[in-house]
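Below is one structure, written out as structure tokens, with a few remarks after it.
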Amino acid sequence: MQPMDVIRLTRVKQSFATRRVPLGDIARIDTAAERLVAGDLVLARVDELGHHTNVERPDGRRAKLFPGDEILIACGARYAPDQFEAQCPAALGPAHLAAAGGIAGLVDASHDRMKPPTAITLLGAVCAASGQRMNLADFAVAAAPRPARVPVLAVCGTSMNSGKTHTVASIVRGLTLGGHRAAALKVTGTGSGGDLWLFRDAGAHFVADFTDAGFGTTYRAPVEAIIEGARRLIAAAEDAGAEAIVIEIADGLWQDETAALLASAPFRAMLGGMVFAANDAMGAEAGVARLTAMGHRVCAISGLLTRSPLAMREAVLALDLPCLTAAELSDSATLARLVGPALLPGAERLPSAA
């Protein structure tokens, strides 16, 4: 166990995923730590730059990395079919920067367009003055999990990059222009600030994600813990005065945690409805069928397919559902007419799935 020198601490580049951790609380580094687990805070040294040449800071700025830099990141797994799959490291030593938001992982699969991951060394587990190892879960929002009191709408999609985040931002914009205080929450994924900044710029009254619930990443996390984290974030949004809540579920329907979450009866009961983001009409048809079989109420289709009038026409022919562009979701009147019963304050909510 080594004391953390103040000067050394001021030079450490803190990552977005660790933004809730006050640097002043860091007092020691355990260089002999064993059995690392997801969420453990670690001090790491950058050894060789690969794909990630920057680390995202708590304020969203991407700080350039140099070999020899020390960074404050969190242990975790990563799921990203278009980048890396990584497992959570269990021990100090060689590892990879699995995500620019600040995740230390062991990459075992990469998309063929990717450069090798940035190589790092985990120098030690970060500890408080008491010597207690620090974990992101120690800094989660204080709101106690409870059933939702305001309407909640979910957005999920066929895969990564299907337009989910833009769909959430558009719905938030429509709610805001309609005079409602909207919260935007991301309940699964890998820590990164870009989506939260977009939600805020769209006018969200309150924004938060799973890192605020104590996860650096939700890949390989138990579904019960993810649901508890979602309830905690919803409670925090309500405490902040939100009148309606839009939540994003990351990745696609076949991703393990997404599939388990959507199949969970307690999670379904939290939702008033869902908008499904798809890349094409076939994906929209398959996704809606799968969600409907699980007992979810899909209110509308959106996502990347709405960039093509032809794809939209095909989706409408395949499904008896509205297919809404970002502009239509951002229009308060259209949003109220087509999605209102599931989302807008004062409107009759869709019944929860049994």
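The values are calculated or read from the model by the stated rules, or taken from the named source; none is laboratory data. Note that the structure is a prediction, hence the values are computed from the model and not measured. In this analysis, Cβ positions are derived from the backbone assuming ideal geometry, glycine residues included, and neighbour counts consider all displayed protein chains. When the accessible area is computed, the model is the full protein with side chains, heavy atoms only, and any ligands, DNA or RNA have been set aside. Shrake-Rupley method; radii C 1.70, N 1.55, O 1.52, S 1.80 Å.
Things worth noting here:
- Potential lengthening of the chain between ALA63 and ASP256 amounts to 66.3 nm, from the contour at 0.36 nm per residue minus the alpha-carbon distance.
- Shape call, segment 179-251: gyration tensor on alpha carbons, a/c limit 1.5: oblate
- Cut-off of 10 Å, at most 14 other beta carbons, DSSP loop: longest stretch of the chain lacking such GluC sites (Glu not before Pro): 35-347
- For segment 90-156, the fraction of C-alpha pairs farther apart than 19 angstrom is 59 percent.
- Based on DSSP H segments of at least four residues, each scored -39500 (n - 2.57), the chain has a per-residue ellipticity at 222 nm of -7500 deg cm²/dmol.
- For a straight C-alpha distance cut-off of 23 angstrom, the lysines reachable from LYS186 (same-chain residues fewer than eight places away being disregarded) are LYS164.
- With all pairs of separate Cα atoms included, segment 62-188 yields a Kirkwood hydrodynamic radius of 18.0 Å.
- A convex hull fitted around the alpha carbon atoms of the chain yields 126 Å³ per residue.
- Compared with the rule-of-thumb size 2.2 N^0.38 Å for a compact globular protein, segment 288-335 has a Cα radius of gyration ratio of 1.18.
- Surface share of carbon and sulfur [accessible, 1.4 angstrom probe, percent] for the chain: 53 percent
- Qualifying trypsin sites (Lys or Arg not before Pro) in segment 33-66, DSSP loop, other Cβ atoms within 10 Å at most 14: ARG35, ARG61
- Projected area, mean over directions - segment 250-298, Cα convex hull, nm²: 3.2 nm²
- Considering only ILE247, ALA143, ALA17, and ranking their Cα positions along the charge dipole of the chain that arises from unit charges at the beta-carbon of Lys, Arg, Asp and Glu, the one farthest toward the positive end is ALA143.
- For the chain, the Cβ-based charge dipole about the Cα centre amounts to some 500 debye (Lys, Arg positive; Asp, Glu negative; other atoms uncharged).
- Residue-normalised accessible area of segment 102-222, expressed per residue, 1.4 Å probe, Å²: 37 Å²
- Annotation: aspartates and glutamates with alpha-carbon distance below 20 angstrom to LYS64 (same-chain offsets under eight excluded): ASP47, GLU48, GLU56.
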